[in-house]
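The values are calculated or read from the model by the stated rules, or taken from the named source; none is laboratory data. Note that the coordinates shown come from a computational prediction; the quantities given were computed from them, not determined experimentally. All Cβ positions, even for glycine, are placed from backbone atoms using ideal geometry, and neighbour counts span all protein chains on display. Please note that ligands, DNA and RNA were not included when accessible areas were found on the heavy atoms of the full protein model with its side chains. Shrake-Rupley method; radii C 1.70, N 1.55, O 1.52, S 1.80 Å.
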Amino acid sequence: MKSDRGDIELAGVCKSFDGVTNVVDGVNLKIADGAYCCFIGPSGCGKTTILRMIAGHEDPSAGEIVIGGQNVVGLAPVQRRTAMMFQSYALFPHLSVRENIAFALRVRGLSKADRLRAADVMIEKVRLTQFADRLPAQLSGGQQQRVALARAAITEPRVLLLDEPLSALDEQLRVQMRQELRRMQQELGITFIHVTHTQLEAIALADLVVVMEQGKIKQAGAARDVYAHPHDRYVAEFMGGQNVLSGRVEKVNGSCFTLAQAASSGIEVPLQTRPSVSVGDQVDIAVRRDDVALVRPGRELPPGCTTSLPSRVLAIEYQGYFVKVMLDTVPDDAFVAYVPEKTFFADPFTVGDVVMATWATGSALPLA
Amino acid sequence: MQSSQTPPRANLAGWLYVSPLVLVLVPFFVAPILVVLAASFFATDGFGGLTPGFTLASYVEVLHSALTLKLYLATIKFSVLTWIFTLIIGFFVAYFLVFHVRNQLLAIGLFLLCTVPFWTSNIIRMISWIPLLGKEGLINQALMALGVIRQPLEVLLFSDLAVVIAYVHQLTIFMIVPIFNSMARIDKKLIEAAIDAGASRFDIMRLIVVPMSKSGIALGTIFVVSIVMGDFFVVKVMSGGGSASVVSAFYEDVGVLQYPTAAASAVLLTLVLVAIVSLILRTVDIRQEITR
């Protein structure tokens with residue numbers, strides 16, 4: 001093997017199954033060695049196809065896939081030194097846990113004693129020693145997942161590819177296995193690429209979050225960047241936690257512009273990432289739900305807030321440490337405020353109350 | 001299990017569920033077997049008359065006859081040869097249909113094509129071998145025209161070879177169907193996972209496909225072996241009377257009104273078959289595999 005590095009570069013990667021539509025459409029991406037990368041998007045966005053192309057189970061129609069400085073297009077998975085953990089695990093049902101994990105060593109021609117010894121070390125690592133002789137059907141979902149992980153990791157791949165690894169588990173186990181994945185990744189010190197459609201999973205795990213839509217990358221960056229600074233409406237809505245408003249630019253002055261809104265005095269938005277805004281443009285902006293404060297009409301706005309939108313409370317959901325208040329602030333879109341529990345219950349609202357939704361001017365984010 | 005606590009209504013429902021099967025099996029399976037079993041212990045006057053009673057004379061006669069062993073050996077030879085060829089052909093046809101035909105519609109079409117020979121009767125299918133394998137048949141003519149042989153091959157028709165060919169032709173479908181069925185249930189992701197682990201095509205077949213098709217292979221084996229062991233017609237026709245089987249012997253017995261010996265032979269054959277089938281079932285837990 002040329003290199004032990006697990007850095008990956010996708011250059012102009014396209015995939016079409018029918019020759020007409022591209023399921024993956026010109027994807028460019030760099031993933032650092034030893035990174036935890038999450039691809040996220042709705043089903044059918046091409047994320048699994050990208051994973052399968054990196055794994056070598058699908059050939060790209062165009063473009064290059066470079067792992068550790070070597071173009072791997074056309075190579076078998078073994079030559080790429082990648083390993084895949086399949087959705088619903090694809091464990092061999094007729095083989096015991098130990099034999100499942102030792103499978104890759106078996107087909108590499110290792111002697112029985114050697115491969116079982118190596119498998120036992122790996123079994124220890126995923127804490128399944130007492131289940132080593134069981135069949136997969138006799139294990140719980142979480143245990144099966146650990147077998148799948150061990151089976152993939154035993155060949156010491158430089159890249160581990162995980163196709164929706166947590167989707168078959170129930171909520172509680174999912175959180176637990178999430179930590180386990182991260183722990184294993186740090187222990188093995190290799191690149192993990194994880195495909196998911198759950199936002200929480202992606203931002204909790206990943207060093208690099210890649211948001212996809214219809215075969216294209218919408219935004220790639222650190223979890224906090226993608227969550228707090230979405231590029232556009234799609235990313236903001238998909239990652240959640242944001243209210244998206246749109247309107248026409250009314251006036252531009254220095255560091256701010258004002259967005260016209262029906263039945264209100266307009267929204268002031270700082271000009272940060274979007275330098276070129278002119279009067280008359282149709283612009284989307286995002287405001288984090290936890291940045292929205294609710295004030296009773298006539299009361300004074302908190303400091304730094306210049307915009308306030310009159311709204312009616314549509315519904316209230318208690319979420320524990322915060323309260324989710326749904327408002328009719330914008331006519332067609334949802335507008336939600338996450339109010340800290342203590343703040344809310346100091347002066348609780350009821351459904352139907354009229355409130356002013358406001359936020360610090362600096363926290364509004366213009367979208368592309 | 002809490003059968004002692006089962007309410008009477010559930011009990012009745014259970015009986016109703018099994019009643020259709022019972023109604024078919026008791027008169028058409030259990031009763032004839034009991035009749036044969038009883039007849040095997042009766043004495044005969046040698047002219048077809050049966051004297052009710054209990055004698056082991058027929059069994060002694062069958063078991064003492066040197067012919068019995070010879071016939072069993074001949075029948076087992078046909079069974080084993082037929083089993084080997086149907087297994088090889090059946091396994092690879094099923095493998096091809098399941099793993100190489102990507103288009104499912106095409107796979108089903110090809111699968112149905114395998115059943116086309118069954119649209120005609122067994123007898124017609126056997127007779128149709130004659131123009132192919134006979135002395136003046138297509139194969140002999142072709143070989144002679146090519147100059148490979150000078151004399152027509154006599155061994156092609158009315159021989160053990162012809163018997164095995166006819167059996168394989170007739171019974172391969174009984175291998176294809178169960179093997180196809182168990183192979184089709186192998187998750188394609190397992191194959192991909194094996195490729196991901198670096199398995200070659202041969203490794204995949206040896207370590208994944210064959211072990212996971214075991215139940216189908218076992219079922220097919222039961223079909224093929226029990227049909228060949230219980231057959232006399234194919235042997236008779238295709239060997240031209242040159243070979244015999246266990247069943248053909250007691251068919252002769254029936255012809256000469258030796259009912260108790262025929263019945264004793266039948267009981268013996270049933271016991272042998274039960275032993276073979278239970279041996280197969282011991283190696284493969286079909287019930288567990290099917291419910292998997």
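So which residues in the stretch B:251-274 are among the hydrophobic types (A, V, I, L, M, F, W, C) and under 19 Å from the mean Cα position of the chain (by Cα), if there are any at all?
Going through the stretch B:251-274, the residues among the hydrophobic types (A, V, I, L, M, F, W, C) turn out to be B:254, B:256-257, B:262-264, B:266-269, B:271-274.
Hits for the stretch B:251-274 are B:A266, B:V267, B:L268, B:L269, B:L271, B:V272, B:L273, B:V274.
Do we have A:F39 as among the aromatic types (F, W, Y), under 25 Å from A:I123 (Cβ atoms) and in contact with a Leu (Cβ under 9 Å, 6 or more places away or on another chain) here?
Here the answer is no, as A:F39 does not meet what is asked.
With (1) part of a helix (DSSP H, G or I); (2) touching a residue at least 60 places away in the same chain (Cβ under 8 Å) as the list, and A:C37 as the residue in question, which single condition is left unmet?
That leaves (1) as the condition not met.
Just need a number here: residues in the stretch A:164-184 that are buried (at least 19 other Cβ atoms within 10 Å of the Cβ), touching a residue at least 60 places away in the same chain (Cβ under 8 Å) and over 22 Å from A:A102 (Cβ atoms).
So the count comes out to 1.
Go through the stretch A:26-72 and report how many residues are within 14 Å of chain B (Cβ to nearest Cβ) and within 14 Å of the chain's Cα centre (by Cα).
Residues meeting the conditions: 1.
Inside the stretch B:177-194, can you point out the residues that are within 10 Å of chain A (Cβ to nearest Cβ), in a helix (DSSP H, G or I) and open to solvent by 50 Å² or more (accessible area, probe 1.4 Å)?
B:K188, B:K189
How many residues are of a type outside the set (A, V, I, L, M, F, W, C) and under 25 Å from the mean Cα position of the chain (by Cα) if we restrict to the stretch B:133-174?
Residues that pass the stated criteria total 6.
When only residues in the stretch B:218-273 that are in contact (Cβ under 8 Å) with a residue 40 or more places away in the chain and aromatic (F, W, Y) count, which is surrounded by the most Cβ atoms within 10 Å (Cβ to Cβ)?
B:Y259
If the Cβ limit is 9 Å and pairs must be 6+ apart or interchain, which residue in the stretch A:94-111 that is more than 10 Å from chain B (Cβ to nearest Cβ) and at negative phi pairs with which residue that is basic (K, R) and not in a helix (DSSP H, G or I)?
Within 9 Å, the pairs are A:S96/A:R134; A:V97/A:R134.
For the stretch B:142-155, indicate whether the set of residues that are closer than 27 Å to B:A244 by Cβ, open to solvent by 50 Å² or more (accessible area, probe 1.4 Å), modelled with pLDDT under 85 and of a type outside the set (V, I, T) is non-empty.
Yes, there is a match, as at least one residue in the stretch B:142-155 is closer than 27 Å to B:A244 by Cβ, open to solvent by 50 Å² or more (accessible area, probe 1.4 Å), modelled with pLDDT under 85 and of a type outside the set (V, I, T).
Of all residues in the stretch B:97-132 being in contact (Cβ under 8 Å) with a residue 12 or more places away in the chain and under 16 Å from B:I179 (Cβ atoms), which is farthest from the chain's Cα centre (by Cα)?
Applying the filter and picking the extreme gives B:F99.
Tell me, please, whether a residue that is over 23 Å from A:G215 (Cα atoms) and either of a type in the set (V, I, T) or out of contact with any strand residue (DSSP E or B) (no Cβ under 6 Å at 6 or more places or on another chain) (or both) can be found in the stretch A:48-68.
First, the residues of the stretch A:48-68 that are over 23 Å from A:G215 (Cα atoms): A:68.
Those left that are additionally either of a type in the set (V, I, T) or out of contact with any strand residue (DSSP E or B) (no Cβ under 6 Å at 6 or more places or on another chain) (or both): A:68.
Yes, that holds for at least one residue.
Would you kindly identify the helices (runs of 4 or more DSSP H) lying entirely within the stretch A:65-149 that contain at least 3 residues that are surrounded by fewer than 20 Cβ atoms within 10 Å (Cβ to Cβ)? Break it down stepwise before answering.
Working: elements: A:77-80, A:97-107, A:112-125.
Ranges flagged: A:112-125.
Taking the stretch A:287-307 on its own, how many of its residues are closer than 30 Å to A:D232 by Cβ and either modelled with pLDDT under 90 or among the aromatic types (F, W, Y) (or both)?
6
Six or more apart or on different chains, Cβ under 7 Å: which pairs go from a residue in the stretch B:29-40 that's open to solvent by 60 Å² or more (accessible area, probe 1.4 Å) to one that's aliphatic (A, V, I, L, M) and at pLDDT 90 or above? Could you list them?
B:L37/B:V267
Does A:G44 satisfy the criteria of being within 22 Å of A:E156 (Cα to Cα), in a loop (DSSP other than H, G, I, E, B) and open to solvent by 10 Å² or more (accessible area, probe 1.4 Å)?
When the stated conditions are applied, A:G44 does not pass them.
Evaluate the stretch B:276-288: report whether one residue or more is more than 30 Å from A:L135 (Cα to Cα), in contact with a helix residue (DSSP H, G or I) (Cβ under 8 Å, 6 or more places away or on another chain), surrounded by 15 or more Cβ atoms within 10 Å (Cβ to Cβ) and touching a residue at least 12 places away in the same chain (Cβ under 8 Å).
Checked against the condition, which is being more than 30 Å from A:L135 (Cα to Cα), in contact with a helix residue (DSSP H, G or I) (Cβ under 8 Å, 6 or more places away or on another chain), surrounded by 15 or more Cβ atoms within 10 Å (Cβ to Cβ) and touching a residue at least 12 places away in the same chain (Cβ under 8 Å), the stretch B:276-288 yields no hits at all.
Kindly provide the set of residues from the stretch B:195-225 that are in a helix (DSSP H, G or I), at the interface with another protein chain (Cβ under 7 Å from one of its Cβ atoms) and among the hydrophobic types (A, V, I, L, M, F, W, C), ordered by number.
B:I195, B:I208, B:M212, listed by residue number.
Suppose we filter A:V279, A:V330 for residues that are crowded, with 18+ Cβ neighbours inside 10 Å, modelled with pLDDT under 85 and not in a strand (DSSP E or B); which single one remains?
The unique qualifying residue is A:V330.
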